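Scroll down for the structure; my scribbles are underneath it.
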Amino acid sequence: MTVTLDTTAKDPAEELFAWFRTKLDTEPVYRDENGWQVFGHADIARILADTTTFSSDTARAFNPPQPDLDFFDMGNLVTTDPPRHRQLRSLISSGFTPRAVAGLTPRIERITHALLDAVDGADRFDLIDSVAYALPITVICELLGLPMEDEPLFRVWGEALGTVDAATVPPEQMADEVVPAVREMNAYLMEQVRRRRRQPTDDVISKLANAEVDGKRLEDGEIVGVTGLTMFAGHATTLALVANAVLLFDRHPEAGAAVRADRDLLPGAVEEVLRLRPPFPRLARVTTTDTELGGHRIAAGELVTPWIGAANRDATRFPDPDRFDIRRDTGGHLVFGQGIHFCLGAPLARLEGRIALGILMDRYQDIAVDESGTVEFENPWQLLSPKRLPIRVA
Ligand code: HEM
């Protein structure tokens, strides 16, 4: 897969979607220099269900191994296989109960209003600078109990870590950018964990420090890993959800108008935005044994990339799949994964998305992408999201 990228192009994701269509039609499972690429919904659902054959511990596919990232992997649920995954997950989910998340509603509303108050009177602003960046990081900081004054640090670490999603990071970039950022972040989080051990509060880090499963507590390093994961898993993705929704409503004004007229349509519209523009278009797995998929033999130890963005556009599952239809049945979309690793933050992300979009619609009669500005995008092969979204409001 060779990618030439222009992130200021009209929408570089169109190239990705066209590639999905071609692969779904002609080659739904194939191998290239980065391992096996998988596109169909049924094949991907099978991969996500079979955690014995398709391990999430992708570090084992790194060659040579990258021990510098060991500490980042500690406590990282996403890359942990059973049986340890179950223990870690039950400890961590104590901080993400539906009640804890629903209880955040008034806070999320207040944060969104405060962010929009800061641009009150302006008829143009960047949606990401003003709302979509700050909202999820503020919510995560509150949830975890991290001070918002340290947010500039999180931004630097987030940018460095944004590159650690594939086994293909060049070694010099790993040494110069990623490893120092991970070290700094871990030292910072370790200090936060130790402070909570001495003086617990009611935040998630304190809950993690004191929770027990099978008579065992989490180690400090595991809490650091989980906390780091939560900061980054929940930030760029939720930002993407809000920005992608505004982008799609702008392109499909009749859908935006329908949601304005009937707010009960908002949850379905959010799911449809997620289906068509999943913030993470792909996941990563590695085979533990020889196996077979879509008529191909796959050897043990191979990196497998399930393209959930393609599965969400598989016509055998979603009729007329490229059409944005806020009333369609989106059941079975894979935007939050499936099975044991199903996103722990999905209820929170949905809640934030619905609240932010609802409040934007309450405060403005009209929201449109500002054609006099430039929309910029992240690399859609990694993160399907605008990174600058100038809007006009009235
Ligand atoms: C629209 C927003 C989001 C999207 C699209 C998303 C997507 C995903 C996906 C696809 C996975 C599964 C990864 C895999 O199977 O390899 C996942 C796992 C996870 N997500 Fe999210 N996520 C979002 C928001 C959040 C938020 C807000 C949080 C927390 C604050 C969060 C925390 C997690 C955690 C802890 C896991 C690991 C679960 C496990 O491995 O058992 N995510 N997410």
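For residues that are at pLDDT below 85, over 21 Å from the mean Cα position of the chain (by Cα) and part of a loop (DSSP other than H, G, I, E, B), tally how many sit in region 145-193.
Total meeting the criteria: 1.
Within region 244-290, count every residue that is near the ligand (Cβ under 9 Å from one of its atoms) and among the small types (Gly, Ala, Ser).
Going through region 244-290 one residue at a time, the tally reaches 1.
Can Ala310 be described as touching a Lys or Arg at 6+ places or on another chain (Cβ under 7 Å), among the hydrophobic types (A, V, I, L, M, F, W, C) and modelled with pLDDT of 95 or more?
Considered against the rule, which asks whether it is touching a Lys or Arg at 6+ places or on another chain (Cβ under 7 Å), among the hydrophobic types (A, V, I, L, M, F, W, C) and modelled with pLDDT of 95 or more, Ala310 comes out as yes.
Give the residue that is surrounded by the most Cβ atoms within 10 Å (Cβ to Cβ), with candidates limited to residues of region 229-243 that are of a type in the set (Val, Ile, Thr) and within 8 Å of the ligand (Cβ to nearest atom).
The selected residue is Thr238.
Restricting the search to region 350-375, which residues are in a helix (DSSP H, G or I) and touching a strand residue (DSSP E or B) at 6+ places or on another chain (Cβ under 9 Å)?
Leu360, Met361, Arg363
State whether the residues of region 303-310 include one that is touching a residue at least 40 places away in the same chain (Cβ under 8 Å), of a type outside the set (S, T, N, Q), under 29 Å from Ile128 (Cα atoms) and surrounded by fewer than 22 Cβ atoms within 10 Å (Cβ to Cβ).
Looking for residues that are touching a residue at least 40 places away in the same chain (Cβ under 8 Å), of a type outside the set (S, T, N, Q), under 29 Å from Ile128 (Cα atoms) and surrounded by fewer than 22 Cβ atoms within 10 Å (Cβ to Cβ), one finds none in region 303-310, hence no.
Just checking, which of Val226, Val213, Val204 is under 24 Å from Arg99 (Cα atoms) and surrounded by fewer than 17 Cβ atoms within 10 Å (Cβ to Cβ)?
Val213
For region 32-115, please list each of the helices (runs of 4 or more DSSP H) lying entirely inside it that holds at least 2 residues being modelled with pLDDT under 95 and near the ligand (Cβ under 10 Å from one of its atoms).
Per the criteria, 84-93.
Look through region 216-228, keep the residues that are assigned to a helix (DSSP H, G or I) and more than 19 Å from Tyr133 (Cβ to Cβ), and return whichever of them is farthest from the ligand (Cβ to nearest atom).
The selected residue is Asp220.
Kindly provide the set of residues from region 315-353 that are more than 9 Å from the ligand (Cβ to nearest atom), under 30 Å from Thr79 (Cβ atoms) and basic (Lys, Arg), ordered by number.
Correct list: Arg317 only.
Report whether or not Arg196 is modelled with pLDDT of 90 or more and surrounded by 15 or more Cβ atoms within 10 Å (Cβ to Cβ).
Yes.
The values are calculated or read from the model by the stated rules, or taken from the named source; none is laboratory data. A quick note: this is a predicted structure, and the numbers were derived from the prediction, not measured. Backbone-built Cβ (ideal geometry, glycine too); neighbour counts: all protein chains shown.
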